[in-house]
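Engineer: Got a structure here, written out as structure tokens. Questions coming.
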Amino acid sequence: MTEPAEDASPFGRRRFLTITGSLAVAASVGLAVPAAAVPAAPPVPAAPPARPDGLATFPVEGSNASVTLLSGPSAVVLLHVARRFHYEVAALRANDITGYAEPPAGTPFAADHRSGTAIAVLPAKYPAGATGGLFPHELAIVRDVLAECEGVVRWGGDSREHPQEGHFRVDVRPGNLLTRVAGKIGGWVGAPDRAAPADPFTPARRQAAERLAERQIATG
């Protein structure tokens, strides 16, 4: 018999089988094909906060200043604060007081202004971050006003992180306490002695103011 000639090709039978077997394995596993890069969608800008319902502009008694606030008990209380500040601490003119506003996100007290439940008076005189802007008798008046409001108002001067001595905000949720304090203040409107300023230096008023100050400073 004649022996079959040895395959002179570089791809002999054995090598051919090895290569085809490897290809079969690769096909069964599958080769990863890099996917085409998909460009990221541009970020959707955040919608501006909705303007609260119930906002109204109120005059500050005795001045030509006005302020936009959330109508209701919180406005009654904050207008009382502004009125006493105007009469007893520093006179307010037009544009000397801000209520409802839309400050940039991250601004101290931004949420309070957006809700219409805060006021800032004389921002140039009492800038954010500054302390010591009130004389002792003026500070006593501010403390007396806060006590008169029974703690429903928080003074920015007590804030440890972001002090602002011209800032006042409602510090309680709507409810019985805020409604009662607003009713008390509203009841003074027709009182015969309403024009007479309260004396913040009587012992009883000083004690009430100091007790409240201790609590609010501790939680500032």
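Engineer: Report whether or not residue 64 is open to solvent by 90 Å² or more (accessible area, probe 1.4 Å), at pLDDT 80 or above and on the phi > 0 side of the Ramachandran plot.
Structural biologist: So residue 64 fails the test.
Engineer: Taking the stretch 74-126 as the search range and keeping residues that are acidic (Asp, Glu) and in contact with a helix residue (DSSP H, G or I) (Cβ under 7 Å, 6 or more places away or on another chain), which one is farthest from residue 54 (Cα to Cα)?
Structural biologist: That would be 88.
Engineer: Let me ask another. Can you tell me which residue is surrounded by the most Cβ atoms within 10 Å (Cβ to Cβ) among those in the stretch 74-118 that are among the polar types (S, T, N, Q) and outside any helix (DSSP H, G or I)?
Structural biologist: Among those residues, the one meeting the criterion is 117.
Engineer: Let me ask something else about it. Residues of the stretch 150-189 being over 18 Å from residue 92 (Cβ atoms), in contact (Cβ under 8 Å) with a residue 24 or more places away in the chain and part of a loop (DSSP other than H, G, I, E, B), which ones?
Structural biologist: Those that are over 18 Å from residue 92 (Cβ atoms), in contact (Cβ under 8 Å) with a residue 24 or more places away in the chain and part of a loop (DSSP other than H, G, I, E, B): 150, 151, 152, 159, 160, 161, 162, 163, 174.
The values are calculated or read from the model by the stated rules, or taken from the named source; none is laboratory data. Please read all numbers here as calculations on a predicted model, not as lab measurements. Here Cβ is always computed from backbone atoms with ideal geometry, including for glycine, and neighbour counts include all displayed protein chains. We work out accessible area using only protein heavy atoms, side chains counted, and drop any ligands, DNA or RNA first. Shrake-Rupley method; radii C 1.70, N 1.55, O 1.52, S 1.80 Å.
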